[in-house]
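Q: This is the structure I have questions about; it appears just below.
The values are calculated or read from the model by the stated rules, or taken from the named source; none is laboratory data. As the structure is a computational prediction, the values presented were derived from the model and not from experiment. All Cβ positions, even for glycine, are placed from backbone atoms using ideal geometry, and neighbour counts span all protein chains on display. Areas reflect the complete protein model, heavy atoms only, side chains present, ligands, DNA and RNA absent. Shrake-Rupley method; radii C 1.70, N 1.55, O 1.52, S 1.80 Å.
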Amino acid sequence: MRIFISYAHADQVQIAELVDLLRAGGYEPWFDSDLIPGQDWEKQIRHAISESDAFVYALTPESLESEYCKIELTLAFENKKPIIPLKLKPNVKLPNNLARIQWVDFSAGRTPAAVARLLRAIRAASEFSLSGTRDYENNFETETELLDSDSSDNTMVISEYTDL
């Protein structure tokens, strides 16, 4: 599953950790470090968003002020991508266009509950992308089901990356 990550460069350390978490879970995160020198970055970003199965917006004061992040979010809405707001810092006020969308809170770190919530959202987005329907909201398991799941990949990701 391909996941586009929109973030502010000031948050690169947290994003690198998020990318590691997602890769450990078997996902294919895309963010601008995947750009190759000489590429038309705007074209590559548009393509990456259109080809993604989900859009994770790393919310910080810096990303909310970033014109690039605003453009990426607009493209995600235009491409009808499932959007997963991810709060990286406390006291981030969601903009009006995201106010109705439930978010994942990583502002206190990668707690088991936060990681489980993120993986649950990604799994629901995956089901949405595979089904080709707009029934994204009905694809969720409860967080308890995910935390208690026998799925070794989720358990490994939750335990390995919450202890860092």
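Q: Provide the per residue accessible area, probe 1.4 Å, for the range 62-108, rounded to a whole number of square angstrom.
A: Spelled out: the 1.4 Å probe surface of the range 62-108, per residue, equals 60 Å².
Q: Okay, next question. What is the percent carbon and sulfur in the accessible area of the range 35-92, measuring with a 1.4 Å probe over the protein chains and ignoring ligands?
A: 52
Q: So for the pair R2, E28, with labels modelled 7 Å out along Cα→Cβ, what separation do we get in nm?
A: Between R2 and E28, the label points sit 0.6 nm apart.
Q: Here's another thing I want to ask about it. Which of the chymotrypsin sites (Phe, Trp or Tyr not before Pro) found in the range 1-86 are loop residues per DSSP with 13 or fewer other Cβ atoms within 10 Å of their Cβ?
A: Passing both the DSSP loop test and the Cβ count: no residue.
Q: Taking every eigenvalue of the Cα gyration tensor of the range 1-112, multiplying by 5 and rooting it, what semi-axes result, largest first, whole Å?
A: 20, 17, 14
Q: Which order, highest average first, do 111-122, 87-98 follow once you tally other Cβ atoms within 10 Å for each residue and take the mean per peptide?
A: The peptides rank, most packed first, as 111-122, 87-98.
Q: At a Cα cut-off below 20 Å, give the lysines reachable from K81, other chains included and same-chain residues fewer than 8 away excluded.
A: Here the lysines satisfying the reach criterion relative to K81 are K43, K70.
Q: Modelled label-to-label distance, I36 and K80, 7 Å Cα→beta-carbon offset: nm?
A: If labels sit at I36 and K80, their model points lie 3.2 nm apart.
Q: Oh, and also: Give me the extension gain from E17 to N96: residue separation times 0.36 nm, minus the current Cα-Cα distance, reported in nm with one decimal.
A: Fully extending the segment from E17 to N96 adds 25.7 nm.
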